[in-house]
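A.B. asks: Sharing a structure below in structure tokens format, with a few things to ask.
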Amino acid sequence: MSNSQANASWKDKAAGQVQVEPLLCKSCGLCAEYCPQDLMKPANDIPSDSRSGPIINPAGHVVYEIYDPNNKCTGCGICASVCPEGAVVVYRTKPAGKQAAMPATSSASRKEANRE
Amino acid sequence: MSNDSRRVLLKGEEAIVLAAALAGADLYGYPITPVTGVVEMAAALFPRIGRVFLQAESELAAANMAYGAAAVGQRVLCVSSSPGVSLKQEAISYMAGAELPGVFVNAMRGGPGLGNIGASQADYFQAVHGGGHGDYHTPVLAPSTVGETFAMTLEAFNLADRYRTPVMVIIDGSIAQSSESIQLGADAAKLVERFAKPWAATGAVGRLKNIVTSFRLDPLEALENLNLELQEKYARIEKDMGDQVVGEMLEDAELLVVAYGSMAGIALAAIRDARAQGIRAGLLRPRTLWPFPANSIRQAARKARAVLVLEMSCGQMVHDVRLALGGAREVHFYGRSGGLIPQEAEILQQIQAVHRTHAAGPEPADFAARTRLLDSSHYTRELIKPHQLPQPPRIECHLLPPDDGQTVVVGRPQTMEDLPTHYCPGCGHGNLHQIIAHAIDDLKLREKTIIVEPVGCSVITYWNCDTVQAAHGRGMALATAISRTCHDRVILSYQGDGDLASIGMAETIHAASRGEDFVLVFVNNCIYGMTGGQMAPTSIPGLPTTTCSTGRDKTDVGAPIDMCKLFSQLEGVVYLERVAIDGPAGMNKVGRAIKQALKYQAEGVGGLKIVEVLSPCTVGWKMSAAESHRYIKEVVSKQFPLGKFKDVAPAAAPGAAAPQTGAGTVISPIHATRPWRKIASAEEIFQNADLHWVTPSATYQNTDSSRFPRPAIRISGHGGQGIVLLSNLVLHAAVRSGRRISLLPSYGSAMRGGTSNGSLRISDGPIASPYISTPDIVVAMNQPSYEKFGQSVRDGGLLLCDSSLVIAPDAIKIRPAVQVVHAPITRIAKELGNERMANMVAAGVLVGLTKMLDPQALRDSIPEVFAHRPKLIAPNLAAFDAGLQHAAQTV
């Protein structure tokens, strides 16, 4: 599953997409506190057809997710920058003709960095 | 050395420093009697040969600096004495747990508590059975002479590196302060082995990260695994090292004497006396105390009827001897404690008493049965096999790379592992980790970064770069040593408020004052988080904690400490900013401040770069994440105002600046690879060490050694009479004449108050102990010395008094069999124009009377002794000749 599939219903319209790693979320609520559009919600407040992951993670925390039915996410990145766990990644649709501003930082690329 | 016959007059202290220099070790020291000469010599020598010497603010800091330097692969030496070694136990335990090599020398002195500075062996338990906390051993080496101290200190570095363990070398003040003549050539450097250290946290360049830590929390079994692995290592050390003992006259010994260190030397002299009386005693001297040479002791005890253990304590090693013998032999003990060195005569009496008890009576009936107990196969150590427990599955994240046409606005930083943290929801540590890791990523410093982890909530490392785990409060000490060892690396010490401002305040202030070259991130959450929310030095009034339920009471515990205010006073700090994790804007500022500090560090801007971060502790404050952010904005940042306090770093010219030192100057640009400091050759070390070399010669034949074949001389006087110089001159001359010598001067507080004395031995064979209880010759240069030592001269000996100053010869009764000579030594010197040359006159009279050395050997030694003050050579030669002439008239 790619993140675009996860947010298939509104992917094509919103400028930003937000993905939360459910294993890392501790339900502190800072992303919700600081989201300028008030889009971050605990998963149990999100209609089931808009949820992309579990409501509760193995550690027992209610996972936060973006709920953006009206495509308001601007991709500002505040939710990710305030997340103490680094559980949030924000993607923004790239303006045509520009390179990615920051390299992908998945586990795979991190391992590569280690091997360098 | 080109001339192999050359000998060097070496003090115990100097032998230790020289061994460290040859081994390529750095020294972090703190002055303590009786080994202050170590820091003094290292301070002069080490900078000249490219080694690090730093006088630390405390014994604790010195040992933890050694811990830091060892963690980045540097050889380290710490030298101290009993009370100082007690303080060093923290670092020794951490190093044992983190499996780090290091050499610790303890010149044991009388205890407990402050005790005194006399020679002692009272720290046997501490070194062999105790030390710091935890289930560990350190190899313990016990040299008994200066020469052995040199060789064993060198060997200790090899052992430490080979087994990745701290190694103790235990001596005492009488070894540290005594001098011997030693044949020392460049081949000494061949004793040094070198070991690769792939585990060192030198920056993860081209390899996976290294973590240096003794911390094992999760899963719990991991700590048992570590302990079992350590035990397996200790079994290997015991097997490899075996029993290292020296036996003397053991072949037919009925009475086995066991003693180590300087006690063994005195014991040997007493055993020789006992042999002369027909008592068949023998000495077994352990050279290592752990591993304990139990098998050798059992072996030696087979023929013996009884065992006598001698120690300069109330009986410590004797327990191990009894365990080794398992009741098969009666083990007697004799010791003196409190810094007293037993006299030969006392020991002889003990040997006689034990001999009377056991040799006189019939052989006990069960002797043969008990001897079977001495079969060493009964005592083979069972090896504990470590069992490998399954490691916890690593939880990896599944955050996805961006699709085509997308960019990542904020992602996870490379410098952090994909692991869920153990932090509470909303904890500021999590935010700060992300921010630091992003800053390191952005500046591309991951491979060059070494992070020092504190004790506190952030004790578990999530960094994807090299990390070193410090003891509580010692982060600054570790980072100090790491930055001095790896000055081309980005060193970041991450510390909390309790760690930095309470238990580690001394280390903090001193590192800041010195302007150490690293980045300090100070996480101030006004509470002890990990221990469950107790009051911290920065806890503010109104914030309840578990030890101040209504908030800090200023009238009782004072106002919270404002660290930025303190730091801003110190010249060594070049960058100082306080920021807060109180929302997106605040976090941006945190990121900017940390990036600036790291940038300065990467550009080689010398001095301490500090970022204080006000950080929420949601659980400790009993607030939600959002509430805690508001609390920082509204309350905490009123107590601790935000802002930049200092930024005095100049803009660094990239890659240009010549190395300089001092706060605020550009030290060096970052190098891609770490240039290990070159280790100086033996030649370079010898040239720079300011050693006293003497070349023996066969030309000095004008002697008569019939009266004093192996003179034991005590020279005593008051400060300013040049007693040490006089002793050194006689030593030089003796070594020039090809003889062996030892000198034990009075030291430490014994010198305060104006008395000074030296014990000299001159011999053609090995000298067992520099300690003298009944001298052949006493030179009393004033009345108090006369009264103190006049009666100690043995029958047939010589008591030489300076009649100018020994004004009341009747004050004590001198034994009739002692030759007493009153010579107007000071008056002769006065007549020659300088009272201060009385020491040279005394040398002349002494040699003239005794003929124990060729006067020409002394004449030739005077220019060497006065090499630094050539103007004094001629008058001192004249003074010596005047003394000689006076002696000729007397005879």
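Derivation of every value follows stated rules applied to the coordinates shown; laboratory data play no part. Not measured: the values here are computed from a predicted model. Every residue, glycine among them, receives a Cβ derived from its backbone with ideal geometry; neighbour counts consider all protein chains shown.
A.B. asks: Among B:Val579, B:Thr555, B:Thr695, whose Cα lies farthest out toward the positive end of the dipole of chain B, if unit charges sit on the beta carbon of Lys, Arg (+1) and Asp, Glu (-1)?
C.D. replies: After comparing all options, I get B:Thr695.
A.B. asks: Going by average Cβ neighbours within 10 Å, how do the peptides B:99-107, A:51-59 rank, with the highest at the top?
C.D. replies: Numbers: B:99-107: 28.0, A:51-59: 15.7.
Highest to lowest by the protection proxy: B:99-107, A:51-59.
A.B. asks: Next up: Within the set of other residues whose C-beta is less than 15 Å from the C-beta of B:Ile873, count the net charge using Lys and Arg as +1 and Asp and Glu as -1. Kindly include the intermediate steps, with their values, before the conclusion.
C.D. replies: Details: positive: B:Arg836, B:Arg859, B:Arg869, B:Lys871; negative: B:Asp860, B:Glu864, B:Asp881.
Once all neighbours under 15 Å are counted, the net charge is +1.
A.B. asks: Distance from the Cα centre of the range B:840-880 to that of the range B:772-822, in angstrom?
C.D. replies: Between the Cα centre of the range B:840-880 and that of the range B:772-822, the gap is 23 Å.
A.B. asks: Just for the protein assembly as shown, what percent of DSSP beta bridges are antiparallel, to the closest 5? Walk me through the numbers before you get to the answer.
C.D. replies: Values: 52 of 126 bridges.
Around 40 percent antiparallel, to the nearest 5.
A.B. asks: Enumerate the residues in the range B:822-856 having an amide nitrogen under 20 Å from the point lying 7 Å beyond the Cα of B:Arg869 toward its Cβ.
C.D. replies: The answer is B:825-845.
A.B. asks: With an 8 Å Cα cut-off and a minimum separation of 6 or more residues, compute the relative contact order for the range B:822-891 in percent.
C.D. replies: Dividing the mean separation by the residue count of the range B:822-891 yields 42 percent.
A.B. asks: If every alpha-carbon in the range B:160-253 counts as one equal scatterer, what log10 I(q)/I(0) does Debye give at q = 0.13, 0.15, 0.18 1/Å?
C.D. replies: Results for the range B:160-253 at q = 0.13, 0.15, 0.18 Å⁻¹ read -0.85, -1.03, -1.21.
A.B. asks: Compute the signed sum of charges (Lys and Arg +1, Asp and Glu -1) over the other residues within less than 13 Å, Cβ to Cβ, of B:Lys88.
C.D. replies: Values: positive: B:Arg474; negative: B:Glu59, B:Glu90, B:Asp123.
For residues surrounding B:Lys88, the net value is -2.
A.B. asks: Sorting check: for B:733-744, B:593-604, which peptide has the highest mean count of neighbouring beta carbons within 10 Å, and how do the rest follow? Mind dumping the intermediate values first?
C.D. replies: Numbers: B:733-744: 24.8, B:593-604: 23.1.
Answer by packing, highest mean first, reads B:733-744, B:593-604.
A.B. asks: Give the relative contact order (percent, whole number) for chain B; include only Cα pairs under 8 Å separated by 6+ residues.
C.D. replies: Numbers: 2004 pairs, mean separation 95.4, N = 891.
Once normalised by length, the contact order is 11 percent.
A.B. asks: So if R0 is 56 Å, what FRET efficiency would B:His422 and B:Ala44 give, r being the distance between their Cβ atoms, rounded to the nearest 0.05? List each step's numbers first, then the result.
C.D. replies: Numbers: r = 49 Å, r/R0 = 0.87.
Using R0 = 56 Å, I get an efficiency of 0.70.
A.B. asks: Report, in whole Å, the centroid distance computed from the Cα atoms of the range B:164-229 and the range B:447-488.
C.D. replies: Their Cα centres are 18 Å away from one another.
A.B. asks: What order do you get for B:Cys548, A:Cys73, B:Cys564, B:Cys427 when you list them from fewest to most C-beta neighbours inside 10 Å? Write down the numbers at each step before the final one.
C.D. replies: Details: B:Cys548 16, A:Cys73 26, B:Cys564 23, B:Cys427 29.
So the residues, fewest neighbours to most, are B:Cys548, B:Cys564, A:Cys73, B:Cys427.
A.B. asks: In µm²/s, what is D for the range B:104-216 at 4 °C and 1.567 mPa s, where D = kT/(6 pi eta Rh) by Stokes-Einstein and Rh is the Kirkwood radius from Cα pairs? Please report the intermediate quantities before stating the final value.
C.D. replies: On the way: Rh = 16.5 Å.
This corresponds to a translational diffusion coefficient of 78 µm²/s.
A.B. asks: Rounded to the nearest 0.05, what FRET efficiency is calculated for B:Cys314 and B:Glu835 with R0 set to 60 Å and r the Cβ-Cβ distance? Don't jump to the answer; show the numbers that get you there.
C.D. replies: On the way: r = 46 Å, r/R0 = 0.77.
Calculated value: 0.80.
A.B. asks: While we're looking at this one, here's another question. For peptide A:68-77, how many partner chain Cβ atoms fall within 10 Å of a residue's Cβ, on average? All intermediate terms of the calculation are to be shown ahead of the outcome.
C.D. replies: Working: counts 0, 0, 0, 0, 0, 0, 1, 5, 3, 5.
That works out to 1 on average.
A.B. asks: From zero outward in steps of 5 Å, how is the percent of C-alpha pairs of the range B:409-529 spread across the bins?
C.D. replies: Taking all Cα pairs of the range B:409-529, the binned fractions are 2, 12, 23, 24, 20, 13, 5, 1, 0 percent.
A.B. asks: Taking a threshold of 32 Å on the Cα-Cα distance, which of the pairs B:Lys190/B:Lys303; B:Lys448/B:Lys589; B:Lys813/B:Lys851; A:Lys72/B:Lys209; A:Lys72/B:Lys638; B:Lys565/B:Lys595 fall above it? Numbers along the way, then the final one.
C.D. replies: Working: B:Lys190/B:Lys303 39 Å; B:Lys448/B:Lys589 24 Å; B:Lys813/B:Lys851 27 Å; A:Lys72/B:Lys209 41 Å; A:Lys72/B:Lys638 36 Å; B:Lys565/B:Lys595 22 Å.
With Cα atoms farther than 32 Å apart: B:Lys190/B:Lys303; A:Lys72/B:Lys209; A:Lys72/B:Lys638.
A.B. asks: Would you calculate the separation in nanometres between label points at B:Met623 and B:Leu323, each defined as 7 Å from the Cα along the Cα-to-beta-carbon direction?
C.D. replies: Here the modelled spin labels are 5.4 nm apart.
A.B. asks: How much length, in nm to one decimal, is gained on full extension between B:Arg216 and B:Thr547, taken as 0.36 nm per residue of separation minus their Cα-Cα distance?
C.D. replies: Extra length from B:Arg216 to B:Thr547 when fully extended: 116.4 nm.
A.B. asks: Okay, next question. What are the aspartates and glutamates whose alpha-carbon lies under 16 Å from the alpha-carbon of B:Lys678, with same-chain residues fewer than 8 places away excluded?
C.D. replies: Here the aspartates and glutamates satisfying the reach criterion relative to B:Lys678 are B:Asp26, B:Glu193, B:Asp488.
A.B. asks: Then there is this: Report the calculated FRET efficiency for B:Ile812 and B:Gln55 (r = Cβ-Cβ distance, R0 = 51 Å), to the nearest 0.05. Please report the intermediate quantities before stating the final value.
C.D. replies: Working: r = 44 Å, r/R0 = 0.87.
Efficiency at R0 = 51 Å is approximately 0.70.
A.B. asks: Using a 10 Å cut-off on Cβ to Cβ distances, tally the other chain neighbours for every residue of B:203-209 and report the average as a whole number.
C.D. replies: On the way: counts 0, 3, 1, 3, 3, 3, 1.
Other-chain Cβ atoms within 10 Å of each residue's Cβ, averaged: 2.
A.B. asks: Report the antiparallel proportion of the DSSP beta bridges in the range B:241-361 as a percent, rounded to a multiple of 5. Display every interim value, and only then the final one.
C.D. replies: On the way: 4 of 18 bridges.
Approximately 20 percent, going by the DSSP bridge assignments.
A.B. asks: Suppose we take every Cα in the range B:703-890 and form the convex hull; what volume per residue is that in Å³?
C.D. replies: Details: hull volume 21.2 nm³, N = 188.
Normalising the Cα hull of the range B:703-890 by residue number yields 113 Å³.
A.B. asks: How big, in percent, is the set of alpha carbon pairs in chain B lying more than 43 Å apart? Write out the running numbers ahead of the final one.
C.D. replies: Working: 169845 of 396495 pairs.
Value for chain B (Cα pairs over 43 Å): 43 percent.
A.B. asks: Taking the beta-carbon count within 10 Å as an exposure proxy, list B:Leu283, B:Leu884 from fewest neighbours to most. Display every interim value, and only then the final one.
C.D. replies: Details: B:Leu283 27, B:Leu884 20.
With the sparsest Cβ surroundings first, the list reads B:Leu884, B:Leu283.
A.B. asks: Could you work out how far apart the two model spin labels at B:Glu254 and B:Phe125 are, taking each label as a point 7 Å from the Cα in the direction of the beta carbon, and quote it in nm?
C.D. replies: The two pseudo-label positions are separated by 3.6 nm.
A.B. asks: According to the Cα gyration tensor, what semi-axes, each the square root of 5 times an eigenvalue, does the equivalent ellipsoid of the range B:745-850 have, listed from largest to smallest in whole Å?
C.D. replies: 21, 17, 16
A.B. asks: Give the dimensionless ratio obtained when the Cα radius of gyration of the range B:241-361 is divided by 2.2 N^0.38 Å. Mind showing how you got there, number by number?
C.D. replies: Working: Rg = 12.9 Å, N = 121, 2.2 N^0.38 = 13.6 Å.
Against the empirical 2.2 N^0.38 Å value, I get 0.95 for the range B:241-361.
A.B. asks: Next question, about the same structure. What does the charge add up to near B:Tyr600, with Lys and Arg as +1, Asp and Glu as -1, over the other residues with Cβ less than 15 Å from its Cβ?
C.D. replies: Values: positive: B:Lys448, B:Arg489, B:Arg592, B:Lys595, B:Lys599, B:Lys609, B:Lys644, B:Lys646; negative: B:Asp442, B:Asp488, B:Glu516, B:Asp517, B:Glu577, B:Glu603, B:Asp647.
Its environment carries a net charge of +1.
A.B. asks: Using packing as a proxy for protection, rank B:534-544, B:151-161 so that the peptide with the highest average count of other Cβ atoms within 10 Å comes first.
C.D. replies: On the way: B:534-544: 20.7, B:151-161: 24.2.
Order by mean packing, descending: B:151-161, B:534-544.
A.B. asks: Take B:Ser792, B:Ser174 and order them by how many other Cβ atoms sit within 10 Å, fewest up front.
C.D. replies: Numbers: B:Ser792 17, B:Ser174 27.
Lowest to highest Cβ neighbour count: B:Ser792, B:Ser174.
A.B. asks: For the range B:703-890, with the dipole built from +1 on Lys and Arg beta-carbon atoms and -1 on Asp and Glu ones, taken about the Cα centre, which of B:Gln819, B:Met840, B:Ile762 lies farthest toward the positive end?
C.D. replies: With unit charges placed on the Cβ atoms, the residue in question is B:Ile762.
A.B. asks: Work out, step by step, the length gained on full extension between B:Arg794 and B:Lys678: first 0.36 nm times the residue separation, then minus their alpha carbon distance; give nm to one decimal. Mind showing how you got there, number by number?
C.D. replies: Working: separation 116, 0.36 × 116 = 41.76 nm, distance 5.36 nm.
Here the segment from B:Arg794 to B:Lys678 would lengthen by 36.4 nm.
A.B. asks: Treating only the Cα positions of the range B:7-191 as identical point scatterers, give the base-10 log of I(q)/I(0) from the Debye formula at each q in 0.10, 0.11, 0.12 Å⁻¹.
C.D. replies: These q points yield log10 I(q)/I(0) values of -0.32, -0.39, -0.47.
A.B. asks: Ratio of alpha-carbon Rg to the 2.2 N^0.38 Å globular estimate for the protein assembly as shown, to two decimals, please.
C.D. replies: Numbers: Rg = 35.0 Å, N = 1007, 2.2 N^0.38 = 30.4 Å.
Normalised Rg, Cα atoms only: 1.15.
A.B. asks: Measure nothing fancy, just the Cα-based angle from helix B:475-485's long axis to the longest principal axis of chain B, in degrees from 0 to 90, nearest 10.
C.D. replies: For B:475-485 against chain B, the angle is about 70 degrees.
A.B. asks: Here is a further query. Quick one: compute a quarter of the convex hull surface over the Cα atoms of the range B:6-109 and quote it in nm².
C.D. replies: Working: hull surface 25.8 nm².
For the range B:6-109, averaging the hull's shadow over all directions gives 6.5 nm².
A.B. asks: Residue by residue through A:18-24, how many Cβ atoms from other chains fall within 10 Å of the Cβ on average?
C.D. replies: Values: counts 2, 4, 1, 7, 2, 8, 10.
Per-residue shielding by partner chains comes out at 5.
A.B. asks: With a ≥ b ≥ c taken as the square roots of the eigenvalues of the C-alpha gyration tensor of the range B:467-600, please select rounded if a/c is under 1.5 and otherwise prolate if a/b is larger than b/c or oblate if it is not? Walk me through the numbers on the way to the answer.
C.D. replies: Values: a/c = 1.89, a/b = 1.52, b/c = 1.25.
Judged from the Cα gyration tensor, the range B:467-600 comes out prolate (a/c at least 1.5, a/b above b/c).
A.B. asks: While we're looking at this one, here's another question. Just grab the label-to-label distance for A:Asp45 and B:Trp693, each label 7 Å out from Cα along the Cβ direction, in nm (one decimal).
C.D. replies: Distance between label points: 8.3 nm.
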